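Q: Before we start, here is the structure in question, set down as structure tokens.
The values are calculated or read from the model by the stated rules, or taken from the named source; none is laboratory data. This is a predicted model, so every value here is computed, not measured. So basically every Cβ, Gly included, is an ideal-geometry build from the backbone, and we count neighbours across all protein chains shown. Surface accessibility is based on the protein's heavy atoms, side chains included, excluding ligands, DNA and RNA. Shrake-Rupley method; radii C 1.70, N 1.55, O 1.52, S 1.80 Å.
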Amino acid sequence: MPAPIVVASNRGPIAFARGAGGGITAKRGAGGLVTALSGALAASGGLWIASAMTEADREVAARGRVGAEGADASAYELRYLGFEPESFDRYYNGWTNRVLWFLHHYLWNLPQTPVFDAETGEAWDAFVAVNRTFAEAMAEEGDRLGPGVAFLIQDYHLSLAPAMLKELRPGARIAHFSHIPFAGPSYMRILPERFRTALLDGLLGADVVGFHAPEWADRFLLSCRLLPGARVDLRRRIVRWRGREVRVRVNPMGLDVEALREEASRPDVVRATDELREWKGDTTLLLRVDRAELSKNVLRGFLAFDRFLEARADWRGRVRFLALLNPSREDIPEYAAYVGECIRTAELVNERWGTDSWQPVDARVRDEYAQTLAAYGLYDALVVNPTLDGMNLVAKEGPMLNTRDGPLILSETAGAFQELQRWALAVNPFDVDQTASAIASALDMPADERAARRRGLRAAVRRNPPSRWLDSQLSDLGLAGRHTPAG
Ligand code: ADP
Ligand code: F6P
């Protein structure tokens, strides 16, 4: 019998909203975690517990468990947890995304940030409270589902929940998985000791701690050495802590290619494809798709394009750079400032090189998923240059939908690099000259090489089916998956 699954993550698969007619409408949640887990859970069934993030989510939360209405996820149940908006803001914006996200992506400007004070203290308290609510909800749902439940806790928002759940239900089988990088010990030392210890101790409440890439797993293991009394076996990737043995695993998330293709065949994507084709005319299309997010390195991407145009007069007037930036974490001042700077830089490139009939960069900060899927089909080269990224699913999705053998320019520091590097054009994300050269190589590339790289990229994505991620975690927990028997 496959194990019953309880997934917990901050963001759920569906964002609810009040429609114009007063009814509740459902829309896909943003980001790689939702993309990846929706596929995995739709195949296995189970229960997904997530935070209510909007007013309409909170209304849905009040109803208890629901089927995933209006979405493609009827195979599993959904339970949204409602929080008081001010505490949720402290937890989500104040702690998880202003402290933990910055920590694990090395985003601080150390002469000025971070500053730990009473405000961060309140944010931490809210973070503890939200984690406790998740742990209690998981314990309750686990009791309802009976023995042999697999608790799959996702991402940095819920770093404390594994230990809290273990305390509530010592026999619970718990996996924690990070969809982002993990800071090494030097950077972890920036956090005051009480926070650092609580975070590591929280994660080590799981039986298995998972990451997308070996580097993140190794940095976590090295960070565990900061815990007095922890015994870390780097070679076997095991931490002995509080009398238990915690396994650290590398388990890169695969892409649900069939689900993606199905979404891409929707009528709104077909319409968006026609519009983009008209917009692009006979120009060559350079594309980037990201959340409007500091770690995605949008700014250096535009600077690299500027250098490319400077060096390559022959491409002026013939290529357009389309940046589809999905709005993200808009209440955080650093995000608003960064997006503003990206737009200003795009405008400067346009002022410098543009003409009456040619606008080199089009940066669109909008939530338009159909347009994203349409653009994947049409690009001539895709730029994925994050400074640091846990995985980056865009790098996998683009090549699966693209119809023009467009090369992939990919940061060495993205988790996806380990699977795709052989077929991508590698860049150091901080080196704008190298990125400019990679743009030139991609656009100049002969047709046979483009086709060979496209085949290589697709085969690499196909080699890692999404079922593997889930089944590996279940077998690491000693439970039977949908595709594998118990280990
Ligand atoms: P991250 O998790 O940091 O956002 P990823 O590249 O791993 O980065 O994942 C981004 C995911 O969000 C991709 O699956 C992409 O297709 C999806 N996406 C892009 N635009 C939208 C949108 N407007 N709404 C919902 N999902 C989107
Ligand atoms: O993939 C990393 C991640 O932080 C997920 O946990 C999250 O759902 C996604 O990015 C999008 O971010 P947010 O949920 O803050 O919009």
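Q: Please state the shape class of region 148-244: rounded when a/c is under 1.5, otherwise prolate if a/b exceeds b/c and oblate if not, all from the C-alpha gyration tensor. List each step's numbers first, then the result.
A: On the way: a/c = 1.45, a/b = 1.35, b/c = 1.07.
It comes out rounded by the Cα gyration axes.
Q: Count neighbours as other Cβ atoms within 10 Å of each site's Cβ, and list the GluC sites (Glu not before Pro) in region 296-343 that are DSSP loop with at most 16 such neighbours. Could the numbers behind the result be given before it?
A: On the way: sites: Glu310, Glu330, Glu334, Glu341; in loops: Glu330.
Answer in residue order: Glu330.
Q: Let me make sure I get this right: for region 1-105, a, b and c are the square roots of the gyration tensor eigenvalues over alpha carbons, sorted descending. Under 1.5 in a/c it's rounded, otherwise prolate if a/b > b/c, else oblate. Which is it? Before the final figure, lay out the partial values.
A: Working: a/c = 1.79, a/b = 1.15, b/c = 1.57.
In terms of gyration-tensor shape, oblate.
Q: Of all trypsin sites (Lys or Arg not before Pro) in region 199-299, which ones are in loop regions per DSSP and have a Cβ with at most 11 other Cβ atoms within 10 Å?
A: Numbers: sites: Arg219, Arg225, Arg231, Arg235, Arg236, Arg237, Arg240, Arg242, Arg244, Arg247, Arg249, Arg261, Arg271, Arg277, Lys280, Arg288, Arg291, Lys296; in loops: Arg225, Arg235, Arg236, Arg237, Arg242.
Passing both the DSSP loop test and the Cβ count: Arg235, Arg236.
Q: While we're here: Defining a contact as two alpha carbons under 8 Å apart and six or more residues distant in sequence, what relative contact order in percent does region 266-351 show? Write out the running numbers ahead of the final one.
A: Working: 66 pairs, mean separation 34.9, N = 86.
Result for region 266-351 is 41 percent.
Q: Once you sort the root eigenvalues of the Cα gyration tensor of the chain as a ≥ b ≥ c, which label holds: rounded (a/c under 1.5), prolate (a/b larger than b/c) or oblate (the other case)? All intermediate terms of the calculation are to be shown ahead of the outcome.
A: Working: a/c = 1.61, a/b = 1.50, b/c = 1.07.
Prolate.
Q: Farthest toward the dipole's positive end in region 137-290, which of Val269, Tyr187, Met253, given Cβ charges of +1 (Lys, Arg) and -1 (Asp, Glu) about the Cα centre?
A: Tyr187
Q: How high is the FRET efficiency from Asp448 to Ile24, r the C-beta distance, R0 56 Å, rounded to 0.05? Before the final figure, lay out the partial values.
A: Numbers: r = 52 Å, r/R0 = 0.92.
FRET efficiency, Asp448 to Ile24: 0.60.
Q: What is the sum of charges around Met188, taking Lys and Arg as +1, Asp and Glu as -1, for the other residues whose C-beta is under 11 Å from the C-beta of Met188? All intermediate terms of the calculation are to be shown ahead of the outcome.
A: Working: positive: Arg189, Arg196, Arg219, Arg225; negative: Glu193.
After counting each charged neighbour, the total is +3.
Q: If you don't mind, another one. Leaving out ligands and nucleic acids, and using a 1.4 Å probe, what accessible area per residue does region 158-209 come to in Å²? Don't jump to the answer; show the numbers that get you there.
A: Values: 1590 Å² over 52 residues.
Heavy-atom SASA per residue in region 158-209 reads 31 Å².
Q: Evaluate E = 1/(1 + (r/R0)^6) for Trp279 and Leu110, where r is the Cβ-Cβ distance and R0 equals 45 Å; express this FRET efficiency to the nearest 0.05. Kindly include the intermediate steps, with their values, before the conclusion.
A: Numbers: r = 42 Å, r/R0 = 0.93.
Efficiency, from the Cβ-Cβ distance: 0.60.
Q: Loop-only trypsin sites (Lys or Arg not before Pro) in region 301-350, please: DSSP not H, G, I, E or B, and at most 13 other Cβ atoms within 10 Å.
A: Working: sites: Arg307, Arg312, Arg316, Arg318, Arg320, Arg329, Arg344; in loops: Arg312, Arg316, Arg318, Arg329.
Filter output for region 301-350: Arg318.
Q: Please work out the C-alpha center-to-center distance from region 256-334 to region 46-66 and express it in whole Å.
A: 32
Q: Hey, what's region 275-384 come to in accessible area per residue, 1.4 Å probe, Å²? Don't jump to the answer; show the numbers that get you there.
A: On the way: 4470 Å² over 110 residues.
On a per-residue basis, region 275-384 sits at 41 Å².
Q: Using a probe radius of 1.4 Å on heavy atoms only, what accessible surface per residue do you get for region 4-120? Whole Å² is fine. All intermediate terms of the calculation are to be shown ahead of the outcome.
A: Working: 4690 Å² over 117 residues.
I get 40 Å² per residue for region 4-120.
Q: Please report the net charge: other residues with Cβ closer than 14 Å to the Cβ of Val115, K and R +1, D and E -1.
A: Details: positive: Arg98; negative: Asp117, Glu119, Glu122, Glu334.
Neighbourhood net charge equals -3.
Q: Only Lys, Arg, Asp and Glu count, each charged at its Cβ (+1, +1, -1, -1), so figure out the dipole size of the chain about its Cα centre, rounded to 20 debye. Before the final figure, lay out the partial values.
A: On the way: 60 positive and 63 negative charges, 317 e Å.
My answer is approximately 1520 debye.
Q: Determine the share of the chain's accessible area contributed by carbon and sulfur atoms, expressed in whole percent, with a 1.4 angstrom probe. Can you show the working numbers first?
A: Values: 9550 of 19440 Å².
Carbon-and-sulfur percentage of accessible area, whole number: 49.
Q: Another question about this same structure. Around Arg169, under 13 Å between beta carbons, what's the net of Lys plus Arg minus Asp minus Glu among the other residues?
A: Numbers: positive: Arg144, Lys166, Arg173; negative: Glu136, Glu140, Glu141, Asp143, Glu167, Asp207.
Summing Lys/Arg as +1 and Asp/Glu as -1 gives -3.
Q: Taking a cut-off of 20 Å between Cα atoms, list the lysines near Lys396, but don't count ones fewer than 8 places away on the same chain.
A: Lys296
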